[in-house]
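Chemist: Sharing a structure below in structure tokens format, with a few things to ask.
The values are calculated or read from the model by the stated rules, or taken from the named source; none is laboratory data. None of these values were measured; they are calculated from a predicted model. Note that we place each Cβ from the backbone using ideal geometry, even for glycine, and neighbour counts take in every protein chain shown.
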Amino acid sequence: MAGKLQVVGTPIGNLEDLTLRAKRTLTEASVILAEDTRQTRVLLESCGISLAGKQLLSCNAHNEKGRMNGVLEHLSAGVDVALVTDSGAPCISDPGGHMVEAVVEAGFDVEVIPGASAPIAALMGAGLIATRFAFLGFLPLKGKERERLVTDAFQAGLAVVLFESAQRIEKTLADLFAWCGPQKVVVARELTKKFETFHRGILGQELSPSLMLKGEMVVVVEATFVSKLAEPENLAELVSKELSSAPELLTLPAKEIAFIIAQKFRCSRTAVYALVVKAKNNL
């Protein structure tokens with residue numbers, strides 16, 4: 001009988017969040033793939049799981065593809081293989097996706113042993129409208145894609161959930177304000193750990209309690225109601241009327257005008273920007 005790949009969720013901070021099923025799976029596993037073997041060794045030892053007779057192998061972003069053939073050989077021989085990351089769910093902003101894909105394509109079974117999840121934990125405690133959300137992981141550090149990922153989700157009426165580091169959180173919050181306007185926001189910091197804190201407020205304003213630039217963070221921006229996007233012919237008329245009724249807008253850069261109008265009417269900022277540029281050029 002062929003083995004199966006067991007994808008195991010691990011704690012994101014509090015070791016008591018390792019489920020009974022996950023503990024049993026890791027206890028019985030003879031092969032464990034770990035993002036960082038040192039981190040996983042600490043987890044196993046803290047839970048009283050012996051490493052005797054086990055293979056604890058690294059499987060990270062650098063060597064994941066190189067591990068595939070060995071894993072497939074184990075599965076062919078009837079050996080179950082457990083896959084974990086340093087914290088949380090494998091494949092969710094963590095290594096593991098390529099391995100799961102290869103195992104599925106090779107015809108072997110995949111078993112999921114779910115556990116703690118930072119995005120879900122943040123949403124559970126945020127107290128924001130987030131029935132439908134887009135999880136964006138870590139945003140690109142720069143470039144148009146950084147803004148596009150957020151605005152596409154926001155304009156679709158989805159709450160935005162993303163990871164950020166303490167070193168970049170202030171810039172990211174400023175960018176989110178520029179892209180989304182004064183929406184409700186929560187920064188969930190050090191989830192499940194001793195100093196877990198939910199910093200709440202409005203983008204562009206001070207959070208309460210004041211944000212500490214320390215620890216791991218999940219940012220949640222509340223979803224906004226989005227009406228049906230204006231049809232192209234109506235959108236041109238809408239932009240023209242808005243500029244005529246508020247000529248002072250024309251003193252602003254086209255990007256800012258587009259943001260104001262798109263926010264007001266919940267329509268595509270890209271489409272509005274093109275019409276604003278055209279209007280300004282005609283003046």
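Chemist: State the number of residues belonging to segment 97-146 that are among the charged types (D, E, K, R), out of contact with any Leu (no Cβ under 6 Å at 6 or more places or on another chain) and without any contact (Cβ under 8 Å) to a residue 40 or more places away in the chain.
Modeler: The qualifying residues number 5.
Chemist: Show the residue pairs meeting these rules: Cβ distance below 6 Å; 6+ apart or different chains; first residue within segment 245-274 and not assigned by TED's automatic domain parsing to the domain that holds Leu158; second residue assigned to a helix (DSSP H, G or I) and of a type in the set (Ser, Thr, Tyr).
Modeler: Listed pairs, sorted by first residue: Ala258/Tyr273.
Chemist: If we scan segment 87-94, do we find a residue that is outside the structural domain of Leu203 (by TED's automatic domain parsing) and not in a loop (DSSP other than H, G, I, E, B)?
Modeler: Checking segment 87-94: at least one residue is outside the structural domain of Leu203 (by TED's automatic domain parsing) and not in a loop (DSSP other than H, G, I, E, B).
Chemist: Okay, next question. So Leu26 fits all but one of (1) under 30 Å from Lys194 (Cα atoms); (2) within 26 Å of the chain's Cα centre (by Cα); (3) buried (at least 16 other Cβ atoms within 10 Å of the Cβ); (4) modelled with pLDDT of 95 or more; what number is the exception?
Modeler: All conditions are met except number (2).
Chemist: Is there a residue in segment 151-158 that is under 15 Å from the mean Cα position of the chain (by Cα) and at pLDDT 95 or above?
Modeler: For segment 151-158, residues under 15 Å from the mean Cα position of the chain (by Cα) and at pLDDT 95 or above: absent.
Chemist: Additional query: Can you work out which of the residues in segment 109-132 that are of a type in the set (Gly, Ala, Ser) and under 14 Å from the mean Cα position of the chain (by Cα) is farthest from Ile92 (Cα to Cα)?
Modeler: Among those that are of a type in the set (Gly, Ala, Ser) and under 14 Å from the mean Cα position of the chain (by Cα), it is Ala130.
Chemist: Can you give me the number of residues within segment 187-205 that are within 18 Å of Val221 (Cβ to Cβ) and either touching a Pro at 6+ places or on another chain (Cβ under 7 Å) or without any contact (Cβ under 8 Å) to a residue 24 or more places away in the chain (or both)?
Modeler: Keep residues of segment 187-205 that are within 18 Å of Val221 (Cβ to Cβ), which gives 187-189, 191, 197-205.
Filter again for either touching a Pro at 6+ places or on another chain (Cβ under 7 Å) or without any contact (Cβ under 8 Å) to a residue 24 or more places away in the chain (or both), leaving 197, 199, 201-205.
Residues meeting the conditions: 7.
Chemist: While we're here: Arg269 passes all but one of (1) at pLDDT below 85; (2) within 27 Å of the chain's Cα centre (by Cα); (3) surrounded by fewer than 18 Cβ atoms within 10 Å (Cβ to Cβ); (4) charged (D, E, K, R); which number fails?
Modeler: (3)
Chemist: Continuing with this model, one more query. How about segment 1-42: which of its residues are under 22 Å from Val71 (Cα atoms) and aliphatic (A, V, I, L, M)?
Modeler: Selection gives Met1, Ala2, Leu5, Val7, Val8, Ala22, Leu26, Ala29, Val31, Ile32, Leu33, Ala34.
Chemist: Looking only at segment 84-99, filter to residues that are crowded, with 18+ Cβ neighbours inside 10 Å and hydrophobic (A, V, I, L, M, F, W, C); which one of those is farthest from Arg67 (Cα to Cα)?
Modeler: Across segment 84-99, the extreme among qualifying residues is Ala89.
Chemist: Then there's this: Of all residues in segment 38-67, how many are crowded, with 17+ Cβ neighbours inside 10 Å and either of a type in the set (Phe, Trp, Tyr) or part of a helix (DSSP H, G or I) (or both)?
Modeler: Looking only at that region, the number is 5.
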